[in-house]
Amino acid sequence: MEIYIEKINPEGLSLNFENSAANFPVLAEMVAAGECRFPVTIKTAIRAQRISDMVEIEGDIETLVCLPCSRCLQAFETPLKTHFSLTYIQWAGDIVADGEPREVELSAEDMGIDYFQGEKINLQDTIQEQVLIEMPLRVLCKPGCKGLCPRCGTDLNEDPCDCDRRSSPGKFDVLKNLKIEK
């Protein structure tokens, strides 16, 4: 998952990676915790282009993730696909003047830049970050998922239950009978 800068020719460089989720620390931690599962590898296709001292990288990531439904807790698979564009420049170290670091004002362009050190760019963190960004926060196995019964825990997609579905008396129900005199 590395791009060697000297291998990027003037026409650019195209690379394809295919890695297990176990190769990404945060994703492996999520799998170990039972939060999700990756039944297939994470496929990444990138194109790198050198522009002066910058490296522009565009890529596509595709995989399949198995997540629990937010309502019924049944595991289901959903595809993850994302496109990303990043700009990298060589890290020049801290800017120092007279032995003291000096403040540098960042422009809007500077904010979208990542730095690399040495002769290669390691894309492991970038790919992991893009997968995490694309992970849905609240997922449903199907749009009409009925979820679990709040009283007995029965999966309402599979079986109806005999629980009383009327709302339980709330603390404000006493206000229904309140009469205001004028």
For this session: Report the residue count in the range 53-79 for those that are assigned to a loop (DSSP other than H, G, I, E, B) and open to solvent by 10 Å² or more (accessible area, probe 1.4 Å).
Result: 5
Problem set entry | Selection count where residues are touching a residue at least 40 places away in the same chain (Cβ under 8 Å), of a type in the set (D, E, K, R) and either under 22 Å from ASN16 (Cα atoms) or part of a strand (DSSP E or B) (or both), scope the range 110-154 | 3
For this session: Would you mention how many residues in the range 122-137 are modelled with pLDDT under 90 and surrounded by 10 or more Cβ atoms within 10 Å (Cβ to Cβ)?
Result: 1
Seminar exercise, completed: Sole miss for LYS146 among (1) open to solvent by 80 Å² or more (accessible area, probe 1.4 Å); (2) out of contact with any Gly (no Cβ under 9 Å at 6 or more places or on another chain); (3) within 27 Å of THR41 (Cα to Cα); (4) modelled with pLDDT of 90 or more is condition (3)
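The values are calculated or read from the model by the stated rules, or taken from the named source; none is laboratory data. Every value quoted in this text rests on a predicted model; they were computed, and no experiment measured them. FYI the Cβ positions are ideal-geometry reconstructions off the backbone, even for glycines, and counts take in every protein chain you see. For accessibility, only protein heavy atoms count, side chains too; no ligands or nucleic acids. Shrake-Rupley method; radii C 1.70, N 1.55, O 1.52, S 1.80 Å.
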